[in-house]
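Peer 1: Next up is a structure, given as structure tokens.
The values are calculated or read from the model by the stated rules, or taken from the named source; none is laboratory data. Bear in mind that the values here come from a model prediction, so they are computed numbers and not experimental data. Ideal geometry is used to build each Cβ from the backbone, glycine not excepted, and the neighbour counts take in all protein chains shown.
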Amino acid sequence: MVREHGPYVHRLLRRLGVAAADVDDAFQEVFVVVHRKLDSFEYRSSIRTWVYGICVRVGTRHRRRRVARQEVSAVVDELAGTAPSPEATLHAHEARRLLDSFLDKLDDDKRAVFVLYELEGMPMRDVADLTNCPLPTAYSRLRIAREVVFDAIRRFQTQKDFK
């Protein structure tokens, strides 16, 4: 199970705002829940969708804990040892930091919909099921999330152009 779903779960946890320092703990928590609840899985959806739902809930919990403790998320550049050059590593780190800062502008519900649909390519019906909301609500959350994220990107580009 971990081999099949692990890379996606790790990436999703980061995109859901789990701090780099906490992602391994959240990752382990996801698979502890999977192991504990696998016997009660009812096969109304794919196991993959079910695992991602657990991941969204665990990720949201970790993100809320971080905010409650008022921690500053330290983004760790995981590509440091494999990057072809220091510049490429710096650009990847900066892009990840920017994406995280744009996603931090969203509340948990909108962030989950945006990450699952836009970044992970999940079908909207699955996104709605995972986030426990009607399909039209999921689309509404996506629309608002896109506006917030794209507005942040435009503001960043404008600031960058003036420098």
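Peer 1: Restricting attention to region 6-32, which residues are in a loop (DSSP other than H, G, I, E, B) and either within 22 Å of residue 122 (Cα to Cα) or aromatic (Phe, Trp, Tyr) (or both)? Outline the logic, then answer.
Peer 2: To start, the set of residues in region 6-32 that are in a loop (DSSP other than H, G, I, E, B) comprises 16-22.
Within region 6-32, 16, 17, 18 meet the criteria.
Peer 1: Restricting to region 144-163, count the residues that are of a type in the set (A, V, I, L, M) and modelled with pLDDT of 85 or more. Lay out the reasoning, then the answer.
Peer 2: Taking region 144-163 first, the residues of a type in the set (A, V, I, L, M) are 144-145, 148-149, 152-153.
Now restrict to residues that are modelled with pLDDT of 85 or more: 144-145, 148-149.
Of the residues in that region, 4 qualify.
Peer 1: Which residue is surrounded by the fewest Cβ atoms within 10 Å (Cβ to Cβ), if the candidates are limited to region 119-163 and must be among the charged types (D, E, K, R) and more than 20 Å from residue 17 (Cα to Cα)?
Peer 2: Of all residues in region 119-163, those among the charged types (D, E, K, R) come to 120, 125-126, 129, 141, 143, 146-147, 151, 154-155, 160-161, 163.
Keeping just the survivors that are more than 20 Å from residue 17 (Cα to Cα) gives 125-126, 129, 154-155, 160-161, 163.
Details: 125: 10, 126: 19, 129: 19, 154: 10, 155: 11, 160: 8, 161: 7, 163: 4.
Filtering region 119-163 for residues that are among the charged types (D, E, K, R) and more than 20 Å from residue 17 (Cα to Cα), the one surrounded by the fewest Cβ atoms within 10 Å (Cβ to Cβ) comes out as 163.
Peer 1: Right, something else. Out of (1) assigned to a helix (DSSP H, G or I); (2) within 15 Å of residue 57 (Cα to Cα), what's the single condition that is false for residue 142?
Peer 2: (2)
Peer 1: Identify all residues within region 96-130 that are closer than 16 Å to residue 55 by Cα, at pLDDT 90 or above and not in a helix (DSSP H, G or I); write none if there are none.
Peer 2: none
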